[in-house]
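Asks: Can you read through this structure? Questions will come right after.
The values are calculated or read from the model by the stated rules, or taken from the named source; none is laboratory data. From a predicted model like this one, the values you see are computed outputs, not experimental measurements. So basically every Cβ, Gly included, is an ideal-geometry build from the backbone, and we count neighbours across all protein chains shown. Heads up: the accessible areas ignore ligands, DNA and RNA and are worked out on the full protein's heavy atoms, side chains in. Shrake-Rupley method; radii C 1.70, N 1.55, O 1.52, S 1.80 Å.
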Amino acid sequence: VSLSSCFIYCEIPELGDLIEIDRRLYQHWHWAIYVGDGYVLHLVKICEFFVSFVWTSCAKPGKDGRATVKKEKLEDVANNDEYRINNRLDNQYEPRPIKDILQDAENLVGREFPYNVLSSNCEHFATLVRYGNPLSQQVQLFAAGIIKCIILMADYNP
């Protein structure tokens, strides 16, 4: 695995690790799961346009559609963006056995699924494969921010 675009605290991923890739251009994180030999499995939204000769993940709020599961080299998926191992939910959820993760990963490659940035995005997919639960901290943080704004606006008295 090339560590040229990882964060300062580089680690070699282990089978089943969640990989968080910083997509600053799109203001979100892309998620993948490490399946060995430098490859990751990830959910990629099917788009109608090219950007720099590469399909984009085009994860934009309110944009539903279809997504494909791809198995690609981590360095190609990261594409010079920073990434890190982030198994942050291990203290809340038990990771599934590695053999089950890898078997499911191989069976999912090439399959299409519905895509929704709030309910079935790449983070939901990666956590589903690792933990058996489709979770997205990005969506939870977004929702918490909206709730906080609503509360602040309700308390505002000019």
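Asks: Output the residue which, of all residues in region 20-54 that are over 14 Å from D76 (Cβ atoms), modelled with pLDDT under 65 and part of a strand (DSSP E or B), is least open to solvent (accessible area, probe 1.4 Å).
Replies: The qualifying residue least open to solvent (accessible area, probe 1.4 Å) is V51.
Asks: Take the residues in region 74-89 that are in contact with a Ser or Thr (Cβ under 8 Å, 6 or more places away or on another chain) and open to solvent by less than 40 Å² (accessible area, probe 1.4 Å); name whichever of them is modelled with the highest pLDDT.
Replies: If we take residues in region 74-89 being in contact with a Ser or Thr (Cβ under 8 Å, 6 or more places away or on another chain) and open to solvent by less than 40 Å² (accessible area, probe 1.4 Å), then L74 is modelled with the highest pLDDT.
Asks: Same structure again: From the set of residues in region 90-123 that are open to solvent by less than 20 Å² (accessible area, probe 1.4 Å) and assigned to a helix (DSSP H, G or I), which is farthest from I46 (Cα to Cα)?
Replies: Here the residue is I101.
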